[in-house]
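The values are calculated or read from the model by the stated rules, or taken from the named source; none is laboratory data. Note that the structure is a prediction, hence the values are computed from the model and not measured. Note: ideal-geometry Cβ built from the backbone for every residue, glycine included; neighbour counts use all protein chains shown.
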Amino acid sequence: MRLRSLVHITLSAIFSMASTLTFSQVIVDQCLFTTSVGPGFETTADIANEPVAGADMVAYTNGVWTGGAGGAGLSIAPPVECTYVKAVFLRVTGGNGEGVGFRIGNGLNIGVPYSIEFTYVSHGAGSGPTFQPRLYSSNSPVLFNEEGELQGTLINNMPEAGNTWETNTINFTGTNANAGHNYLWVYANTSSGMVMNPCQMDSGPIEIDLPPVIEACEGETVEIGDPDAQGATILWNTGATTPTINVTESGLYSVNASNVCNSISDATTITFYSDPELLPATDTVMCLGSTFELETIGFNEENLWFDGSTDSTYTVTEPGIYSVTITDDCGASFIEIEVTLDSIPAVDLGADTALCYNEPLSLNAFLDDPEAEYLWNTGAETPQIDVVLNESFTYAVDVTNICGTGTDSRFVEYSLYPDDLFDNDYEICFGIPFILDASIIEGDYEWKNGSSDSQFQVPSPGFYWVTIEDDDDCWVYSDTTVVNVVTCACPVWLPNSFTPNNDGNNDVFAPVFECAPYDYKLDIYDRWGRIVYTLLDPSETWNGKVGGEPLRDGIYTFQLFYREVYDGIPIIKAGHIALLNY
């Protein structure tokens, strides 16, 4: 196996029992984790709190002791480096001491030697130069009754400890007096002090050292972890709980390890290499006007390109065949790749088209590229579509390939047989010109008299017809109508006053006709017979001004000349008009 980095995890050993008695007589709750931090903790099945002189459970975290009764004055750091440390504070006040009991697995036996280890320090309110607690045994979680009478058996005074933490082993032999006792008591009778959490004394900091990256060859096995980390609580992201694991697949591997003092985690990325590779791995396409990179992948690879260069990448600027020899710790490969040129699709649906009724048409945007994608404005996603029969429409398509999107459109117009041109026969007024209009139908026109215009002015009553031939040769259309001439009157209404004061009511003067007159002329005269204004268009009006200046109030005369029909008899009308500027 060839590794770029060594793999090693160091974990301090964690024993299941920090303080051990011979013959499997062990402290049941050696880690002090079943009791809450605070003064006068409650009695549990494992740890006994003396009801007469109860101890305080304390904890050390972030440089501070918490949990002792007020004024405990605890400041000496614990003897181990843990994230969270528990200990017992035994205070002596007014000659009265506190004690804590530890339940052992089996009762003591006569004549059997025992040994037990504690770490303690003289410290806190009521402490002296030395702290020498006594070791008792009892057959219940009570050392003194409510009257203060001793219920236990003194085993011995423990060795003295000063103002620094000391670890001492106490040895004794079971006697008739303590036979069957299943509680050991640490009792402070002369000086206050602290007793460390027994199991944390045998724990220490956890060190994890996984390299960020591990590389190996395919088929090899990488072992990560520390075989000496027995007893630690370990969990890998694979689900394994063993100190080490064997890895055969690439991926991210992480581990969480913990003991009663600390927890820590680490991770590594492991890559297994097969034969050296070139990316992209297959023949590829480059787009017109662009470049891209060829990249070698291997385990400590060395490269030799076709042109003698040795970099891990090669910039491709034009189509061609490119080759490289790659040698690495896992093998050697000669790889050749062809690069072809492509561009944004050039789409051509053809010119706009006119079709006859029911004439089919297919539009094709096919691109010789299996990766091309198509999207028509009809929603279709196929290279080819059929137009909708007899519906004129502009069809558009987007064709997308690796280089971009090309677009084209085509207008398809259906030339359909027209509806009736002349809906009815016509009656026209005598002398008024009348025009037949066929321009709503496109094509080539031929009227009754041979005219080829889209409109035809009727000269006299009679039958009139037109033939229209479609520009796209789809149809020939004909229609006929009858035009009759009748005599029509053209009444006129002449106002007798107007008020040009711009109030929106009756501001102008003009005759009102029911039909359009011919040869129209209207003259306005003042009281001396002078023409002050003339109108030659029946759509014009007079606002009572001459040269932009308003005339004064008064009675004016007018004379109207017109013909009711073209070349008809002249009609002359005269009268008075009152101009009122108020």
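Tabulated values for the structure
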{"read-out": "Count of residues meeting criterion [crowded, with 16+ Cβ neighbours inside 10 Å, closer than 18 Å to ASP29 by Cβ and more than 60 Å from the chain's Cα centre (by Cα)] in the range 73-107", "value": "1"}
{"read-out": "1 or more residues of a type in the set (Lys, Arg) and touching a residue at least 60 places away in the same chain (Cβ under 8 Å): qualifying strands (runs of 3 or more DSSP E) within the range 33-117", "value": "85-90, 99-103"}
{"read-out": "Subset tally (residues that are without any contact (Cβ under 8 Å) to a residue 60 or more places away in the chain, exposed (fewer than 14 other Cβ atoms within 10 Å of the Cβ) and closer than 14 Å to LEU367 by Cα) for the range 378-414", "value": "3"}
{"read-out": "In the range 505-516, residue farthest from VAL565 (Cα to Cα) [restricted to those that are part of a loop (DSSP other than H, G, I, E, B) and modelled with pLDDT under 90]", "value": "GLU514"}
{"read-out": "Qualifying residue in the range 130-151 (condition: within 60 Å of the chain's Cα centre (by Cα), assigned to a strand (DSSP E or B) and either surrounded by 16 or more Cβ atoms within 10 Å (Cβ to Cβ) or modelled with pLDDT under 90 (or both))", "value": "no"}
{"read-out": "Qualifying position, being hydrophobic (A, V, I, L, M, F, W, C) and surrounded by 14 or more Cβ atoms within 10 Å (Cβ to Cβ), among ILE428, ILE531", "value": "ILE428"}
{"read-out": "Candidate set: the range 1-55, residues that are in contact with a helix residue (DSSP H, G or I) (Cβ under 6 Å, 6 or more places away or on another chain) and modelled with pLDDT of 70 or more; chosen: the one surrounded by the most Cβ atoms within 10 Å (Cβ to Cβ)", "value": "GLN30"}
{"read-out": "The range 406-436, subset more than 30 Å from ASP348 (Cβ to Cβ) and not in a loop (DSSP other than H, G, I, E, B), residue modelled with the lowest pLDDT", "value": "CYS429"}
{"read-out": "Any hit, the range 442-460, residues being part of a loop (DSSP other than H, G, I, E, B), under 26 Å from CYS515 (Cα atoms) and either among the acidic types (Asp, Glu) or at pLDDT below 90 (or both)", "value": "yes"}
{"read-out": "Test: residue in the range 314-321 that is part of a strand (DSSP E or B) and farther than 30 Å from SER250 by Cβ", "value": "yes"}
{"read-out": "Residue identified as of a type outside the set (A, V, I, L, M), surrounded by 14 or more Cβ atoms within 10 Å (Cβ to Cβ) and free of Cβ contacts under 8 Å to residues at least 40 places away in the same chain among THR557, THR481, THR499", "value": "THR557"}
{"read-out": "Failed condition for ILE577, given (1) of a type outside the set (Asp, Glu); (2) under 30 Å from CYS429 (Cα atoms); (3) touching a residue at least 40 places away in the same chain (Cβ under 8 Å)", "value": "(2)"}
{"read-out": "Residue match in the range 354-361 (condition: loosely packed, with under 13 Cβ neighbours inside 10 Å and assigned to a strand (DSSP E or B))", "value": "no"}
{"read-out": "Matching residues, the range 192-221, being aliphatic (A, V, I, L, M) and closer than 12 Å to VAL85 by Cα", "value": "VAL195, MET196, MET201"}
